[in-house]
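A short worksheet on the structure shown next.
Just so it is clear, none of the values below were taken in a lab; they were calculated from the coordinates. Here the structure is a predicted model, which is why all the values come from computation and not from measurement. Note that each Cβ is placed from the backbone with ideal geometry, even for glycine, and that neighbours are counted across all protein chains shown.
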Amino acid sequence: MSASLLGLYLAVYAAAGIITGLGFVAFGAGRVLPGASFSGGARALIFPGAAVLWPYVLYRWLRGA
């Protein structure tokens, strides 16, 4: 695997993570944890983890667990 192909994979993973993370903190956090109230600061703290772990976050979000 060449370095440019690896860089492309990482860029696609990061872009998907940013998109999923932003959507999750805007709309999905309340669905996954119903009854919880998230302030802007809490959403800012959740975003980096949601962006890095986006496959798991997306799975949980879509299942509505």
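The table below lists the values:
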item	result
Per-residue ³J(HN,Hα) for the range 13-25, Karplus 6.51 cos²θ - 1.76 cosθ + 1.60, θ = phi - 60°, Hz, x for Gly and Pro	4, 5, 5, 5, x, 5, 5, 5, x, 5, x, 5, 5
Amide proton proximity set for LEU53, modelled H, under 5 Å, gap of 5+	none
Relative contact order for the chain, counting Cα pairs under 8 Å that sit 6 or more residues apart, in percent	43 percent
Cut-off 12 Å between beta-carbons: net charge of the residues surrounding PHE24, Lys and Arg +1, Asp and Glu -1	+3
Highest-fluctuation residue, ALA14, ALA44, ALA36 considered, GNM on the chain with Cα pairs under 10 Å	ALA36
Globularity index of the chain, i.e. its alpha-carbon radius of gyration over 2.2 N^0.38 Å	1.26
